[in-house]
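This report refers to the structure that appears directly beneath it.
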Amino acid sequence: MEHCDSEFARACRRFLHQHPELSGQEYNTAKYIRDKLTEFGIEYQEVGGTGTFAWIKGDNDNGRRILLRADIDALPIEEQTVLPYKSVNPGVMHACGHDIHTAALLAAAKKLATGKDKFSGTVLLAFQHAEEFGHGSQYFREQGLLTGYDRAFGVHIAPDVPLGTVVLSRKADAASCDFFRITLTGRKAHTSKPHLGRDALQAGAVLVGEIAKLPRRLLPADEPVNVGIGVFKAGTSYNIIADSATIEGSFRVFSEDSRQKIQAGISELAGQVAAGYGVQAAVEYDCFARAIVNDETVREEVSQVVADLLGEDKIQISETPVFGFAADDFAEYIREIPGVYAHVGTAQADSDSAKVLHSEKLAPPDEVVEIAADLHINYALTFLGRAN
């Protein structure tokens, strides 16, 4: 088993944690990544402004290609840890572990770049921006960078898992996430003369209630599904019938078939309710992420690497999705290519390493960076094979 430069990995993590940047604004983070890649002699190209795609070719080429991915953006959270390298950017924090993900991939890149004689084929590196709010993987797809490789591998920290343990979902790992907005357009009138108006508020209220019932009418009772509405806006005065209403929400499922059924169902329901109230309905969708479904063969490959690197007792196979209804656009990298998302434990007793993701007090230990980097390194080397 090969190991990263632990001092370098930790220094990267601390710098990145101290200088977090929001989705689409990761300019200094991108510069830091690209400066390191240049230092290692690794070629790269810019993606979508702040994303970076790089490649390392082994001394021989057996035609195999593996993609390793890390997300680089932070969250709009005021950090409340006591870390000596806490965020210096007010209201911005790496509260989801993306500092660790990025540092681990940089440490892996450094190791692989200095060991090209140890593998054949090509390692592809995706330092992806805008995961939290902008589904930045779309920029990689638009540039044709999410095809043409044989394996995809990603790592995410897991604060509810003991430090040194790695969890892999047997199949589904994270739900899809689709945003929807329904705009209803009616006609104003005084509430004393409702027959002269077309009440968008009433139509919207009915629609909100019906959408909540929709999943059980379309999907089996035992199929996990989540539909949530967070915005319902309508009306300007107590005595004026609302001529417009806006509903915003999301739905999350674990299969593409169910995703299409829910989307079609919302559109059909909006049309039916609108017709009943004499208003117009416009429905918009935006897919933030598809479901992550681990490939069984890749899961077995990664499991063996974890066992060899950390020990048989450090690998757990989860029968349920580790991420649950949370979403992550790592899914885009494995839409057409076999891949796996690995969850690396950070929890230590009596510490903030076990705080939930997106907590202002999340403070995973530095050791996690080394574990994640070593997973990247050794899975890449194992899959690509030795240079002959």
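The values are calculated or read from the model by the stated rules, or taken from the named source; none is laboratory data. Just so it is clear, the structure is predicted and the values come from calculations on it, not from any experiment. Cβ coordinates were reconstructed from backbone atoms using ideal geometry, including for glycine residues, and neighbour counts include every protein chain displayed. Each accessible area value is taken on the protein alone, full model and side chains, heavy atoms only, with ligands, DNA and RNA left out. Shrake-Rupley method; radii C 1.70, N 1.55, O 1.52, S 1.80 Å.
Under the condition of being buried (at least 24 other Cβ atoms within 10 Å of the Cβ) and either of a type in the set (Lys, Arg) or more than 28 Å from residue 77 (Cβ to Cβ) (or both), the residues counted in segment 334-373 number 3. Residue under question is residue 174, and the condition is that it be within 21 Å of the chain's Cα centre (by Cα) and on the phi > 0 side of the Ramachandran plot; does it hold? No: the conditions fail for residue 174. Residue 154 falls short on exactly one of the conditions (1) open to solvent by 50 Å² or more (accessible area, probe 1.4 Å); (2) out of contact with any Pro (no Cβ under 9 Å at 6 or more places or on another chain), and that condition is (1). The residues listed here are 246, 236; of these, the one that is open to solvent by 60 Å² or more (accessible area, probe 1.4 Å), polar (S, T, N, Q) and at negative phi is 236.
The set of residues in segment 374-388 that are touching a Ser or Thr at 6+ places or on another chain (Cβ under 9 Å) and either surrounded by fewer than 20 Cβ atoms within 10 Å (Cβ to Cβ) or in a loop (DSSP other than H, G, I, E, B) (or both) comprises 385, 386, 387, 388. Are any of the residues in segment 182-195 within 30 Å of residue 383 (Cβ to Cβ) and open to solvent by 20 Å² or more (accessible area, probe 1.4 Å)? No. Highlighted here are the strands (runs of 3 or more DSSP E) found entirely within segment 251-356 that include at least 2 residues which are farther than 27 Å from residue 162 by Cα: 280-289. Can you find, within segment 265-306, the residue that is nearest to residue 194 (Cα to Cα) among those that are under 29 Å from the mean Cα position of the chain (by Cα) and of a type in the set (Asp, Glu)? The residue in question is 284. Among the candidates 88, 161, the residue that is out of contact with any strand residue (DSSP E or B) (no Cβ under 9 Å at 6 or more places or on another chain) and of a type in the set (A, V, I, L, M) is uniquely 88.
Where residues in segment 32-64 are closer than 18 Å to residue 140 by Cα and of a type in the set (A, V, I, L, M, F, W, C), which of them is surrounded by the most Cβ atoms within 10 Å (Cβ to Cβ)?
33
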